[in-house]
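**Student:** My questions all concern the structure below.
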Amino acid sequence: MFGEYGYMEEGKLGRVYDSRLLLRLAGYISPYWKKIAFTLCLTLLIAVADLAVPYLTKIAIDRYIVSSWSMIHTESLNGGESDELIKGYRHLFIETVSPPALFVFHGNMGRIDPRDLRSFRAKGVIKNDEKYYLIAPGSVSESLPTGTSAFQTNDGATLILHSEMASIPHREILKIRASDINGVALLGSALLVLVMISFCLGYGEHFMLELLGQRIMQDIRLALFKRMQAKRVPFFDRHPVGRLVTRATNDVENLNEMFKSVIITVCKDILIITGILAVLVYLNWRLAILCFLFLPIITGVTFLFSSMSREVFRQLRAAVAKINSFLQERLSGMKVVQLFVTEAHQMDIFSQINRENYRAGMRQVRIFGVFMPIMEILSSGAIALIIWYGGGKVVSESLTLGALVAFISYMQMFFKPIRDIAEKYNIMQAAMASTERIFEFMDEADEMPQASAPYSPEQFKGHLVFKDVSFSYRKGEPVLSGVSFEIRPGETVALVGPTGSGKTTIIHLLERFYDPDEGTILLDGVDLKEWDQKRLHELLGLVMQDVFIFSGTVEENIRLGSSDSSKAREAACTANAYGFIQRLPSGMNEVMGEAGASLSTGQRQLLSFARALAKNPGLLILDEATSSVDPETERLIQDAIGRMTARRTTLVVAHRLSTVMDAGRILVVMKGRIAEQGTHEELMRLGGTYRKLQRLQARGSGYPTKSG
């Protein structure tokens, strides 16, 4: 459909997540599977390094910083209970010999059945206010205060009450806890090494992601441009240039963002989340289950966010394409805008289009703005629950302080990728919408059908026949009706008639920009549909009224990548273009601006002749080639035409009848039909339409035209 701004609107698309699209994208990713596998290995190592940090922190706290032991007061139990206790948990205890006693490490309290632990506390088997510190063998100072309650183990370790540590001088405490200090230093060094390794791995991962993204983006962009070049003219009639540019730039860049910021990163997040869940269960499965209660809420919020944002992303992509289309069209036609003083009107239109883009963007911001605070609230709630429940477990010694700290750190790590999912979903939504647009363009059935065994001859005669050809751009509005004519090899034939009569359409059909609705076009006795498209266009040389000049040098514009420098210079001489080219500051190497703005209309026309001649065409087509030039340039062009048409089949579309009087045959096209044909003299004697047109031009009034 057409929008209110005069160009075709974007259509609605299907699902955002489409397995078919993902499979097609996999085709562009698969050539780089080795690099992807290497990147995934780096990602796995980074995930392991990230997961190791809180666990090493737990070890540092529990084993070296707040290490404590509790005495097992077996005297509080009867004989049978004491034997059962020692038998059931003997592997958790250490035994001293002087004096004899049993002790349990506070880190092992969580391995005692909670019911037994409560019973032990109630019976005084384990006392909360009685904590011992284990001094490694060889670390006991000779100057321990007299009366210190010390318990010796077989291996020479000593346990003393925490309360008695306060009476020991600071210097002695440093000696006593030397092993703890060394342990903390060792773990700190390990953490530092982990950070450095993680940094190096992160750099490698980032580099590989950028490399993969750029390679894949390059492949998709090349494939897209290749398909665009193969499209028929109707495809470009339906789609504004700005929209096509958006597909090849913005949309492909969105895919690049997805490859480097989502796909591998999501794998990393999945690894981290899975690892966190496993470690939490290992540390304390009861507290882990409590944390897992947040998972359904998180999942529900995430799916709600995705469903709300889906259509907004589509609207945003369509709005960006509309802005690009509008800007490309208006900037290209800025001279007309300024000449007709329509700046204010164009500003109003652009303001409306820009407002649509702003509204779509703000809808996205509002959805994103709600999602992030909700995730922050859930994160804070989970941390608060851990502190409340886990803190109670620490007090009751069924959970260590280090484990609680690790729980909090892991939950913060757990919510980080969840919080980031909004940004990643942003990228994913934009990328999937862009993927739909790109493949929609690539799949659009607008490529000229190629014969199964295309005809591609080495020799070319230039025998052209139109047989009862009819054609319409829009169904029910015929432009050509039953057109038939023949051009023999080496013959020059002219098409004349009022604007909109169908002359240029005949050229379009000959170039096979379109196929006729009815009838047949034969070239050297072979239907155009059977010809190889590339070979056909190699043999046809077209000079149009509106010459398109590419950014680049004069020589590059003549060669267009197909001829060598000597042929380009020879073609320029034959086309009478070399004279003005020599006057340019850099001659053939002069760089042309966009659309050749630095050249006059006549110079661009001469350059177009040289371009057509450089490919040495077998059939030359001149479409209104002299309609917009001054008399001197027209003389040069006519002289060039005389040389170019020698021994070539030539079809000339002319506005000025004086330029085709010497043609071998003239076809008069009126309302999509061949009204008259013959030589200039024959048509003048006939006294029909051609003679009337000649008289109108002779009087300088021009002949009547009609739109279309």
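**Student:** Order of 660-670, 341-351, 367-377, 264-274 by packing, highest average Cβ count within 10 Å first?
**Tutor:** In decreasing order of mean packing, 660-670, 341-351, 367-377, 264-274 become 660-670, 264-274, 367-377, 341-351.
**Student:** Roughly how big is the range 464-698's charge dipole about its Cα centre, with Cβ charges of +1 (Lys, Arg) and -1 (Asp, Glu), in debye to the nearest 20?
**Tutor:** Around 380 debye, computed over the range 464-698.
**Student:** Could you give the dipole magnitude of the chain about its Cα centre, charging the beta-carbon of Lys and Arg +1 and that of Asp and Glu -1, in debye to the nearest 20?
**Tutor:** Charge dipole, the chain, about its Cα centre: 1120 debye, nearest 20.
**Student:** Pick out, from ALA571, LEU599, GLY500, the residue whose Cα sits farthest towards the positive end of the charge dipole of the range 464-698, with +1 on the Cβ of Lys and Arg and -1 on the Cβ of Asp and Glu.
**Tutor:** With unit charges placed on the Cβ atoms, the residue in question is GLY500.
**Student:** Restricting the count to DSSP beta bridges whose residues both fall in the chain, what percent are antiparallel, rounded to a multiple of 5?
**Tutor:** Within the chain, antiparallel bridges account for around 70 percent of the total.
**Student:** Still on this structure, I have one more. Output needed: percent of Cα pairs per 5 Å distance bin for the range 246-364, bins running from 0 to the one holding the longest distance.
**Tutor:** Answer for the range 246-364: a P(r) of 2, 9, 11, 13, 13, 11, 9, 8, 7, 5, 4, 3, 2, 2, 1, 0 percent.
**Student:** Which residue, chosen from ALA614, ALA663, SER351, occupies the Cα position most advanced towards the positive end of the dipole of the chain, where the dipole is computed from +1 (Lys, Arg) and -1 (Asp, Glu) charges on Cβ about the Cα centre?
**Tutor:** ALA663
**Student:** Still on this structure: Quick check on the range 464-698: what are the equivalent-ellipsoid semi-axes from the Cα gyration tensor, as sqrt(5λ), descending, whole Å?
**Tutor:** Taking √(5λ) for each eigenvalue gives 31, 21, 16 Å, largest first.
**Student:** Let me ask something else. What number, in nm² with one decimal, is the all-direction average of the projected area of the convex hull of the alpha-carbon atoms of the range 307-371?
**Tutor:** Average projection, Cα convex hull of the range 307-371: 4.4 nm².
**Student:** Using a simple spin-label model with points 7 Å from Cα along the Cα→Cβ vector, what separation in nm is obtained for ASP662 and LEU194?
**Tutor:** If labels sit at ASP662 and LEU194, their model points lie 9.0 nm apart.
**Student:** So, one more: Using the structure shown, list the pairs from LYS226/LYS467; LYS467/LYS534; LYS503/LYS534; LYS131/LYS175; LYS335/LYS567; LYS231/LYS322 with a Cα-Cα distance above 29 Å, or answer none.
**Tutor:** Over 29 Å apart, Cα to Cα: LYS226/LYS467; LYS335/LYS567.
**Student:** Report the Stokes-Einstein translational diffusion coefficient (µm² s⁻¹, integer) for the range 62-182, Rh taken as the Kirkwood radius over Cα pairs, at 20 °C with viscosity 1.002 mPa s.
**Tutor:** Translational D for this selection: 141 µm²/s.
**Student:** Please tell me the relative contact order of the chain in percent, rounded to the nearest whole number, where contacts are Cα pairs under 8 Å and at least six residues apart.
**Tutor:** Computed over the chain, the figure is 12 percent.
**Student:** Quick one: Cα convex hull volume of the range 300-439, Å³ per residue?
**Tutor:** 128 Å³
**Student:** Can you give the helix-only mean residue ellipticity at 222 nm for the chain, where every DSSP H stretch with n ≥ 4 adds -39500 (n - 2.57) and the sum goes over all residues, rounded to the nearest 500 deg cm²/dmol?
**Tutor:** -18500 deg cm²/dmol
**Student:** If one takes the longest principal axis of the Cα atoms in the chain, at what angle in degrees, from 0 to 90 and to the nearest 10, does the Cα axis of helix 33-59 lie?
**Tutor:** Roughly 30 degrees, rounded to the nearest 10.
**Student:** Could you give me D for the range 278-335, from Stokes-Einstein at 4 °C and 1.567 mPa s, where the hydrodynamic radius is the Kirkwood radius over C-alpha pairs? Units µm² s⁻¹, please.
**Tutor:** 83 µm²/s
**Student:** For the range 464-698, give the share of DSSP beta bridges that are antiparallel, in percent and rounded to the nearest 5; count only bridges with both residues there.
**Tutor:** Roughly 55 percent of the beta bridges in the range 464-698 run antiparallel, per DSSP.
**Student:** What list of whole percents do you get for P(r) of the range 171-278, with Cα-Cα distances grouped in 5 Å bins up to the one holding the largest distance?
**Tutor:** All Cα pairs considered, the percentages come to 2, 10, 11, 12, 11, 9, 8, 7, 7, 5, 4, 4, 3, 2, 2, 1, 1, 0, 0.
**Student:** Can you give me the P(r) profile for the chain? Cα pairs, bins 10 angstrom wide beginning at 0, each as a whole percent.
**Tutor:** 2, 10, 15, 16, 12, 10, 8, 7, 6, 5, 5, 3, 1, 0, 0
**Student:** Right, here's the next one. Among LEU696, GLN429, ALA185, whose Cα lies farthest out toward the positive end of the dipole of the chain, if unit charges sit on the beta carbon of Lys, Arg (+1) and Asp, Glu (-1)?
**Tutor:** With unit charges placed on the Cβ atoms, the residue in question is LEU696.
None of the figures in this text is laboratory data; all of them are computed from the coordinates on show. Please read all numbers here as calculations on a predicted model, not as lab measurements. Reconstructed Cβ throughout: ideal geometry from the backbone, glycine too, with neighbour counts over all protein chains shown.
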